[in-house]
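The structure appears below as structure tokens.
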Amino acid sequence: MRRAVAPLLAVTVALVLADSAVVTLALPDILRHLDATVGQVAWVLIAFNLVLGLAAVPTAMSFTRAQPRILSALGIAVFAGASAWCALAGSIDVLIAARCIQALGGALALVGCLELLVAEYGERRGVAAWVAAGVLGTATGPVAGGLLTEAISWQAIFVVQVPFAVLAVPAALAVRAAPEEAPDRHRPAVRPNLTLALLSAALTAALFLLVLLLVEGWRRSPATAALTVSVVPIAALAARPLARFLRPPPEVEVAAGCFLIAGGLAGLAIPPSAHLAWTIAPQALVGLGLGLTVDRLTAQALEMRLPRVRHAGWTIGARHVGVVVGLAILTPVFTADLEDAQVPAQEAITSLVLDAPLKPDDKIAIAESLGRELVDQQGQVPDLHGAFAAADIDPEARPAAARLERDLDAQLERAATRAFRDSFLIGAGLALLALLTVVAPGRRRDP
Amino acid sequence: MTNRLRMAAMPAVALVLVSGVLGVQVANGGGTFEPLKPADPCAARTVTSQADGIDGLTERLVLLGIDGAACRLRVSREALTLELAQPGPRTDAEIDALHDGLLAAVRRMKEDGSLPPASALVDEAMDNADLNGFLEAAIRAIPDSVVNAALKTDDVLTRAIDDLDLRAILANLDDQQGINQQMEVAVTQAVKDSLVDRLRDLIGQG
């Protein structure tokens, strides 16, 4: 049992940070199952990050006065209970409330696990394990969520977290760690936390927008989308060996990471087609950038600052407020762009139907069926297959109709891709802003 | 590794990777993966139809006619089609543009020689027309060369377009059968009128 303590605590850190984006691929299923609106379902994501971001610092302050193992165990237990509640939620309001409680428990668990990992491994190794688990969780969250949604259901995302968290409660209680009584000597590290916040906003664009583009825009299954976005965590793993080989100074490493994330997001904004292969290289850039920046910045924000737990609270707060800011900036942009994309998409569809090599009666039958389908599916990227299946067309015209259906789907993919372009470019802009915070000259100190 | 190299290596690698990825994407059409843009409705368009006879002719005429109307209204053919597909009253400008567009389509098809000879349409028109048996037999007995000399397709179409109640057709676009009926009636009536006029001319001359 003793040997499993630290890994269980690291898994808890990964789980809490994975929860930041774990539901991204499940949002369409949640929307349907709980009969919610797009605005409501976005709050399943926003509420968790907002509460975690705002609660992190106050939570960390409580650790200077209480036993870390008790608070950590309490936080993990609340996180586990709230995860189970999320799985059982019968309405969107209940799910959002459960996500808020989950984030509160998660905040306690996150800062508590840092103290416990340091107690287990020592300062340097403990912080490194905490940071690495966080990066892994952040990067793999959407992948795990997508695979579980496809294989089982969206509820499975929350159910699988419960046993890990339940096991982590006794693990937390088993660690003997005294409250950190270090005086409040250091101010929060503004620059690394600001860079982290901006990068988190940019990475939200990478993970949140990409899965939406794959599932809603390109009509890929959640499992396919999950496997596709797994490029990001895999590339993140390659970042450390690259950094070890080139041995850049920390600021240069972070600056290069920001630039890679910006470049990757710009690449995602301009795929030459809707083939999944075109997302791989840009995602690899984002993953490399993620691996070069997030752990390094977190370490910089914590390095030589006391009390450590409070500074951990600041980094968690910065990251998750960054995610919320990213969602707040990007959601209205891409929803408005998706709406604006309807006109060019409809015109492209009209053009292809008018010029289709079909007899007039078949064209009219398809046009009427498409019209009904587009009205029924207003507010989302439509699935046109139903319209073609329902259209009363000559059996001999079916092959030509099938070609037309493929052409129309291609037009919808083009329209959706175009609609996501500005959001990805804004994400790239956020990453460049993060780069600016790294390269901007610091305030000169008086001798 | 020298300090300078350590400073420069990682940014250089990042720059090469980003330039490489963006360069490959742009070279393969990245940034232009967008929905089809509507063509200029005022530019001449080649239209074809999979249907034969009056149906095929009507389709080509409508496609060219919408182009002409869109050109007059300064909107795309697709935008006009989508607008006309919506329920609601039509403006006089839309009706006039469509009427003029259809007439322009007839002229264009006459100029480029894509209008079929009238004899090709007469048999189909006779099948659909509720004509007096004697008159129908008399018309069917007329050789194609005589029919083509007597009937000009562009004249028939122009009469049909003038006869059509475009506002009524556009108000009932969901009623496909009704539209077909109106079109057939208008085309058939135009053929009949043109033939009768020609016969009258011939009898008068005789």
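Bear in mind these aren't lab numbers, they're just calculated from the coordinates by the rules spelled out. Predicted, not measured: the structure shown is a model, and the values here were computed from it. Using ideal geometry, Cβ is built from the backbone for each residue, glycine included, and neighbour counts are taken over all protein chains shown.
Data table
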quantity	calculated
Ranked B:VAL16, A:VAL254, B:VAL147, criterion: other C-beta atoms within 10 Å, fewest first	B:VAL16, B:VAL147, A:VAL254
Potential extension, A:ARG187-A:ILE70 segment - 0.36 nm per residue separation minus Cα distance	39.4 nm
For segment A:313-351 versus segment A:1-35, the gap between their alpha-carbon centres in whole angstrom	23 Å
Whole-percent pair-distance distribution, where bins are 5 Å wide, for the alpha carbons of segment A:127-168	5, 21, 20, 26, 18, 7, 2
Per-residue HN-Hα couplings for segment A:358-374 [Karplus 6.51, -1.76, 1.60; θ = phi - 60°; Hz; x = Gly/Pro]	10, 6, x, 4, 5, 4, 5, 4, 5, 4, 5, 5, 5, x, 5, 5, 5
Mean ellipticity per residue at 222 nm, deg cm²/dmol - from DSSP H runs of n ≥ 4 across chain A, formula -39500 (n - 2.57)	-26500 deg cm²/dmol
Euclidean distance between Cα centres, segment A:87-147 to segment A:381-409, Å	46 Å
For chain B, built as a Gaussian network whose Cα springs stay under 10 Å, the top-fluctuating residue of B:GLU83, B:GLU34, B:GLU59	B:GLU34
Crossing angle, helix A:38-62 versus chain A [Cα axis fit, 0-90 degrees, rounded to tens]	10 degrees
Estimated distance in nm for a label pair at B:ASP165 and B:LEU84, the labels positioned 7 Å out from Cα along Cα-to-Cβ	1.8 nm
Local net charge near A:GLY217, Cβ-Cβ under 15 Å (Lys/Arg +1, Asp/Glu -1)	-4
No Cys partner within the rule (Cβ under 4.7 Å), the protein assembly as shown	A:CYS86, A:CYS100, A:CYS113, A:CYS258
R0 of 51 Å, Cβ-Cβ distance A:ARG406-B:ASN172: FRET efficiency to nearest 0.05	0.95
With Cα atoms, 0 to 90° folded angle of helix A:190-204 axis to chain A main axis	30 degrees
Helix A:308-340 axis, angle to chain A major axis (alpha carbon atoms, nearest 10°)	10 degrees
Distance from segment A:216-279 to segment B:176-190 (C-alpha centre basis), Å	60 Å
Karplus-derived 3J(HN,Hα), 6.51/-1.76/1.60, for each residue of segment A:94-101, Hz, glycine and proline x	5, 4, 5, 4, 5, 5, 5, 5
Likely footprinting exposure, A:ARG319, A:ARG124, fewest C-beta neighbours within 10 Å first	A:ARG124, A:ARG319
Residue of B:ILE54, B:ILE161, B:ILE142 that the Gaussian network model of chain B assigns the largest fluctuation, springs spanning Cα pairs under 10 Å	B:ILE142
Residue order, fewest to most beta carbons within 10 Å, for A:ILE70, A:ILE261	A:ILE70, A:ILE261
